[in-house]
Ligand SMILES: [Zn+2]
Ligand SMILES: [Zn+2]
C-alpha cells in the first residue's frame, strides 16, 4: 500500500524537526513516499520561510537523505512556493507546491493564516467586512500560481477558511463564494495542476476537516480534478494526522485515484 506525504516542513523553515527525524518517523509510520517542501524564500514578506542563504543546504540535505534511506523510503525534494515569493526553475526540484499565504488589501500584503483576530481585522479594515471581496483578493493571488507552469500542486486551496469552521464569517455553501471557488478550481483543473487535500490545520487544532471543504471536494471529484493527500506537517508526530479519515472522505466524495510521485513524475493510483 502506497502512503505518501509531499507537504512537510523542517527546521530549514518553520518546522520543528530535522530532515532525518522526519524521515525516521515516516518510516516508522509506514510511509512509502516522503517529500520535503520548505517554504521558499519570501523575504521581506514573512519570517517563517527558508532564508535564501539556506536554500543550498536544504537541497543538499534532502539529496543526502535520499541516498541514506534509499532502501527504506522514496524521498523527493520539493518547495512550497508562495505566490509572492521567489520563483524557481523546476529542474532543481522534483515538484513545486504553489500556495497563497497573504492577501493585498490595496496597500499591504497581510498573512491570512496567522490568527483569527488578524484575519477578522484584515477583512474588516481591508475589505469593509466583505468576506467575498477578501475571497476575490485571495483568488487573485492564486491566479499567479495557476498561471505558473512550474507549479505542480496547489496547496491548501481554501486557506481563507482556516478560522471559519463555525461559519461565522461566511457559510460554506454561500452561492457566490462557491461560484468564485468553482471558477478558480476549473482553471486549476484546466491547467492540469494537482489539488492537495491538506490536513495541516487539524493537527494544529484549528479545524476538524481538511482543506478543501467537502462542498469543494465534491465539485473537484465531479470535474475529474486530480488530488493528492498531504498533512502540511510541521511536527513529525503528526505526519499522518487525519489520513485514514481523509481517505474515507475522499472516497465518499467520489474520487477513485490519488496522484503519487514517482522518479519519472506523478502517476494516478487507485485508492
Ligand atoms: Zn502553506
Ligand atoms: Zn506548508
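The values are calculated or read from the model by the stated rules, or taken from the named source; none is laboratory data. This one's a predicted model, so the numbers in the text were calculated from it and none came from an experiment. Counting neighbours? That spans all protein chains shown, and the Cβs are built from the backbone with ideal geometry, glycine included.
A few points about this structure:
- Scope segment 42-54; condition at pLDDT below 90 and either touching a strand residue (DSSP E or B) at 6+ places or on another chain (Cβ under 9 Å) or within 13 Å of ligand 1 (Cβ to nearest atom) (or both); matching residues: 42, 45, 46, 48
- Listed by first and then second residue, the pairs linking a residue in segment 155-184 that is more than 22 Å from residue 40 (Cβ to Cβ) to a residue that is outside any helix (DSSP H, G or I) and within 16 Å of ligand 1 (Cβ to nearest atom), with Cβ atoms under 7 Å apart and 6 or more places separating them unless they lie on different chains, are 163/206; 165/207; 181/158.
- Residues of segment 207-217 that are more than 16 Å from ligand 1 (Cβ to nearest atom) and crowded, with 24+ Cβ neighbours inside 10 Å: 217 alone.
- Positions within segment 5-23 being in contact (Cβ under 8 Å) with a residue 12 or more places away in the chain and either part of a helix (DSSP H, G or I) or out of contact with any strand residue (DSSP E or B) (no Cβ under 9 Å at 6 or more places or on another chain) (or both), in sequence order: 16, 19, 20, 21, 22, 23
- Verdict on residue 141 being within 16 Å of ligand 2 (Cβ to nearest atom), farther than 21 Å from residue 218 by Cα and out of contact with any helix residue (DSSP H, G or I) (no Cβ under 7 Å at 6 or more places or on another chain): yes
- Residues of segment 88-111 satisfying the condition of being touching a strand residue (DSSP E or B) at 6+ places or on another chain (Cβ under 7 Å), away from ligand 1 (no atom under 12 Å from the Cβ) and either at pLDDT below 95 or not in a strand (DSSP E or B) (or both): 88, 90, 93, 94, 109, 110
- Members of segment 218-232 that are touching a helix residue (DSSP H, G or I) at 6+ places or on another chain (Cβ under 7 Å) and under 17 Å from residue 258 (Cβ atoms): 220, 223, 225, 227, 229, 231, 232
- The residues in segment 194-206 that are surrounded by fewer than 20 Cβ atoms within 10 Å (Cβ to Cβ) and touching a residue at least 40 places away in the same chain (Cβ under 8 Å) can be counted, and the count is 1.
- Number of residues in segment 133-156 that are within 22 Å of residue 106 (Cα to Cα) and either in contact with a strand residue (DSSP E or B) (Cβ under 9 Å, 6 or more places away or on another chain) or part of a loop (DSSP other than H, G, I, E, B) (or both) equals 10.
- Residue count for segment 181-220, restricted to those that are touching a strand residue (DSSP E or B) at 6+ places or on another chain (Cβ under 8 Å) and either at pLDDT below 95 or on the phi < 0 side of the Ramachandran plot (or both): 18.
- Every residue from segment 6-38 that is within 11 Å of ligand 2 (Cβ to nearest atom) and either out of contact with any helix residue (DSSP H, G or I) (no Cβ under 8 Å at 6 or more places or on another chain) or within 15 Å of residue 203 (Cβ to Cβ) (or both): 6, 7, 8, 9, 13, 14, 15, 37
- Looking only at segment 69-96, residues that are away from ligand 2 (no atom under 16 Å from the Cβ) and in contact with a helix residue (DSSP H, G or I) (Cβ under 8 Å, 6 or more places away or on another chain) come to 5 in all.
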